[in-house]
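Participant: Have a look at the structure that comes next, please.
What follows draws every value from the coordinates through simple rules; no lab data is involved. Values in this document were obtained by computation on a predicted structure and should not be read as measured data. Backbone-built Cβ (ideal geometry, glycine too); neighbour counts: all protein chains shown.
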Amino acid sequence: MNLEAKRWYILYTRPKAEKKVADLLTKKKIDHLYAQNRLARLPGDRKRVLTEPLFSSYVFVNVMPSHLHSLTRMDGVVHVIYWLGAPAEIKHEEIEAIKEFLAVYQNIRAEKTAVNMNEKATMTTSPVVKQNGAVMLVKNKYASLSLPSLGYIIKGEVGPAPVDLTESSGSSIQGFIRRQWRYAFG
């Protein structure tokens with residue numbers, strides 16, 4: 001009986017090879033996250049939505065530790081990201097928070113930050129919520145999400161109209177976003 005559990009890791013890809021690696025992982029039926037940022041652009045008189053990788057050269061994979069290094073032989077993968085001599089593990093809750101954040105916001109930017117993983121959320125004058133260990137802040141039409149195991153904070157624009165946030169989703173983060181949208185835009 002194999003007691004080894006799947007965990008989230010980061011594959012470092014060649015520049016601009018994130019989509020190619022994600023496509024190969026899909027073909028191999030390996031659970032992964034290729035975080036794509038939606039950017040609103042106004043070329044001329046038309047509004048277009050473009051996508052680009054949120055984390056340059058990163059693709060997140062959910063695999064058993066024993067299968068991780070076999071993925072480095074895939075075309076486009078350079079290596080596995082290490083932290084303190086071991087493959088860097090990303091919390092499942094943070095991966096889910098990234099997915100939800102990407103579904104709601106656009107024009108997102110990722111900023112490297114020094115985050116203490118044991119740091120407690122402190123209340124500021126702006127609305128703050130702690131969701132699955134990540135601090136989320138909505139201020140001045142921008143939302144922020146702290147990702148301590150990645151060492152990043154992602155920030156996205158709260159749009160002028162709410163994204164489809166149905167009550168049936170049951171997600172507390174989406175409920176929070178819905179309340180903050182009403183707070184920010186009446």
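Participant: Collect the residues in the stretch 45-75 that are part of a helix (DSSP H, G or I) and surrounded by 14 or more Cβ atoms within 10 Å (Cβ to Cβ), keeping them in residue-number order.
Facilitator: Pro65, Leu68, Leu71
Participant: Can you name the condition, by its number, that Ile95 falls short on among (1) surrounded by 15 or more Cβ atoms within 10 Å (Cβ to Cβ); (2) closer than 17 Å to Glu157 by Cβ?
Facilitator: Every listed condition holds for Ile95 apart from (2).
Participant: Which pairs do you get when a residue that is at negative phi, found in the stretch 19-37, comes within reach of a residue that is of a type in the set (A, V, I, L, M, F, W, C) and in a loop (DSSP other than H, G, I, E, B), reach meaning Cβ atoms under 8 angstrom, with the pair 6+ apart or on two chains?
Facilitator: Filtered contacts from the stretch 19-37: Val21/Met74; Leu24/Met74; Leu25/Met74; Ala35/Leu54; Ala35/Phe55; Gln36/Leu54; Asn37/Leu54.
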